[in-house]
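Student: Sharing a structure, written as C-alpha cells. Questions coming.
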Amino acid sequence: MSGIGKGIAAIGAAIVLASGASAQESVRVGVVQGLSGPPAIVDFGESYLQGIRLALKDYEASDAQTGIELIVYDDEANPQRAVSVIQRLIQNDGVSAVMGTVSSGNVLAFAPVLQRAGIPLIAGPSIATNITAQFIDEDPSYIFRCSMVERYQIDAMLDWAVENFDNVGLVHSTTGYGNFAAEEIRNGMAARDRELAAVEGAAPGVNDLTPQMIRMRDADAQLVLNFHESFELIYRPMARLDYRPVIAGNWGLSSLNVLEIVGLDAIEGTVMGQALDLADPKAQAFDARMRDEYGTSYRWPVVAALGYDAGQIMFEAVNRVGRSDPAAIRDAIENIDGVDAISATPSEPFGPDNHECLNPEHVFLGVWRDGDVVRLQ
C-alpha cells in the first residue's frame, strides 16, 4: 500500500488537498476510495486517486478562479463504512460533489444517499452496469460515472471469443461481483447462441485454483475467462498441468501489479477490456508523467487515466460554477465540453440521457505483448 493509503487507514480521517485559491473561495469535493483491504481493491483505489490528484495539480497550475479542496476517505472496501463516510462528507464536511469508489456494491449502497441529498457523484472505478442506469430517468439524476462499464467490456470480449474459439470456459469468484459478471457472461453467450464449455466458481479466500483449471482442461477450453478478483491465481497451476489456454478477463488484468506477480511469460497474450491505448502519444506522455510523479507506487495506467479524466471533468465543472452549489455543479457536469481526455472519454462525455463517460464504442480489447498492454488487432 502506498503512503497515502497507509496514512488514511491509520488515522481513519480525511486528507484535505487544497488548491491555491483563497480558502473562502474553495469548493469542497469528497473522494471515497478503497485504500485498504484486498490488494486488488487497493490497487484500483490508489491508482484512481493518483489520477485525481494529478488532475488537481494541473488545475492548480491553470488560470482557474475557484479553489478546490479534496477531502479523501478510505471506505476500506466495506459498504457500511462507505455509506458512513458519505454521510460524514455531506453532514460534517459540507461537500458540493463526490467522486468514488472501487467496489460497485459500495457505490450502489451510497448513490441513493447522494441522489436524495442532491449532491453530484462521479463514480469510479466501479464497473457494475446499472450504477447510472437506475437513476438516469430521475429529474434530475445526480449520478455520473467515469470508468469502465462491465457490460461493454464483456460484450466486446464475447464477440471476439465466439468468433475465435470453439470452447470457452469461465472461472469466477463467488463474491457479489463475480456472480454478477458470471450472469452477464452466461446471458451474453446465450444471446450469441453459444454455451460455456465449463463454469467454475471459487470463493474469494481460495488461494489454489488447480481443481478449477483441471476441469477447464478436461472441457478442452481454449479460452478461459478470468473473473476472479485475485487475478493471478488462474495462472499458477497452468505450467504444472501442461495446460496453456488463452486467458481473458476484465480490465484488472492490465495492472502492472498483476504483471509483476504473474511474470512476463505467463501473462503474454492475456486479453482484457481497455479504454486507454498506450500506442497513443498522449497516453504515452501521461504514462511517463505518472511514473515521474509516483514512481513504483504507480501501478495502473488505464485506471489512473480515468481518474485523471474524472478529475478534469469535476474540477472544470466546479470552476465554471465558481461556488458551492451542488445543483449547478451537477448541471455543469452534464453539459461539460472540451474535455481533453487521456482515456477514450470523448470531449463531450455526458448528456441528459447518458451519464457514462465511456460508451460501447469507446471500449476495446487490449492484450499483453512484450510487457505492454496494446490494442488487440
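Student: Angle between the Cα long axis of helix 150-164 and the longest principal axis of the chain, 0 to 90 degrees, nearest 10?
Tutor: Long axis of 150-164 versus the principal axis of the chain: about 30 degrees.
Student: Now a separate question. Under the 0.36 nm per residue contour assumption, what length would be gained going from the current alpha-carbon distance of residue 130 and residue 179 to full extension?
Tutor: Result: 16.2 nm gained on full extension.
Student: Let me ask something additional. For the range 36-51, in order, what is each residue's ³J(HN,Hα) by Karplus, 6.51 cos²θ - 1.76 cosθ + 1.60 with θ = phi - 60°, in whole Hz (x at glycine and Pro)?
Tutor: After applying 6.51 cos²θ - 1.76 cosθ + 1.60, I find 8, x, x, x, 5, 5, 4, 4, 4, x, 5, 5, 5, 5, 4, x Hz.
Student: Which far-off residues, 5 or more places away or on another chain, put their amide H under 5 Å from the one on residue 249, with H placed in the peptide plane?
Tutor: 226, 271, 272, 273
Student: A follow-up question, please. With a 1.4 Å probe and every protein chain left in place, tell me how much accessible area residue 345 has, in Å² to the nearest 10.
Tutor: Using a 1.4 Å probe on the heavy atoms, I get roughly 10 Å².
Student: Give me the 1.4 Å probe accessible area per residue for the range 132-228, excluding ligands and nucleic acids, in Å². Numbers along the way, then the final one.
Tutor: Working: 4130 Å² over 97 residues.
I get 43 Å² per residue for the range 132-228.
Student: Using a 1.4 angstrom probe and counting only protein chains, how large is the accessible area of residue 324 in Å², to 10?
Tutor: 70
Student: For the range 195-301, which GluC sites (Glu not before Pro) pass both filters: DSSP loop (anything but H, G, I, E, B) and at most 12 other C-beta atoms within 10 Å?
Tutor: 195
Student: A further question follows. Give me a comma-separated list of calculated 3J(HN,Hα) values for the range 347-362, in order, Karplus coefficients 6.51, -1.76, 1.60 applied at θ = phi - 60°, integers in Hz, x for any Gly or Pro.
Tutor: 5, 10, x, 10, x, x, 9, 8, 10, 9, 6, 10, 10, x, 6, 8
Student: So, one more: About the Cα centre, and with charges only on the beta carbon of Lys, Arg (+1) and Asp, Glu (-1), how big is the dipole of the range 161-318? Nearest 20 debye, please.
Tutor: 200
Student: Give the separation of the Cα centroids, the range 137-151 to the range 186-209, in Å.
Tutor: With the range 137-151 and the range 186-209 each reduced to a Cα centre, they are spaced 27 Å.
Student: Could you tell me which residue out of 98, 123, 112 lies farthest along the dipole of the range 19-137 toward its positive end? Charges go on the beta carbon: Lys and Arg +1, Asp and Glu -1, centred on the Cα centre.
Tutor: Farthest towards the positive pole: 112.
Student: Could I ask something else about it? Given the DSSP H assignment, sum -39500 (n - 2.57) over each helix run of at least 4 residues in the chain and divide by its residue total; what's the result at 222 nm in deg cm²/dmol, nearest 500?
Tutor: Values: 13 runs with 158 residues, N = 377.
Counting only the DSSP helices, I get -13000 deg cm²/dmol.
Student: Moving to a separate point now. Given [x] 160; [y] 125; [z] 135 as candidate values of volume of the Cα convex hull per residue in Å³, which corresponds to the one derived from the coordinates?
Tutor: Matching the structure shown: [y].
Student: While we're here: Ignoring ligands, DNA and RNA, please state the percent of accessible area on the chain from carbon and sulfur, probe 1.4 Å. Could you put the intermediate results ahead of the total?
Tutor: Values: 6630 of 14490 Å².
Carbon plus sulfur share of accessible area: 46 percent.
Student: Whole angstrom only: what separates the Cα centroid of the range 95-135 from the Cα centroid of the range 213-256?
Tutor: The range 95-135 and the range 213-256 have Cα centres separated by 31 Å.
Student: How large is ³J(HN,Hα) for each residue in the range 306-314, as worked out from phi by the Karplus curve 6.51 cos²θ - 1.76 cosθ + 1.60 (θ = phi - 60°), to whole Hz, x for Gly and Pro?
Tutor: Coupling constants for the range 306-314: 5, x, 4, 5, 4, x, 4, 5, 4 Hz.
Student: Given Cβ point charges of +1 (Lys, Arg) and -1 (Asp, Glu) and nothing else, what value in debye, to the nearest 20, does the dipole of the chain about its Cα centre take?
Tutor: Details: 26 positive and 51 negative charges, 175 e Å.
So the magnitude is around 840 debye.
The values are calculated or read from the model by the stated rules, or taken from the named source; none is laboratory data. Model, not experiment: these values are computed from the prediction. Every residue, glycine as well, gets a Cβ built from its backbone with ideal geometry; the counts of neighbours run over all protein chains shown. To get the accessible areas, we keep the full protein, side chains included, count just its heavy atoms, and leave off ligands, DNA and RNA. Shrake-Rupley method; radii C 1.70, N 1.55, O 1.52, S 1.80 Å.
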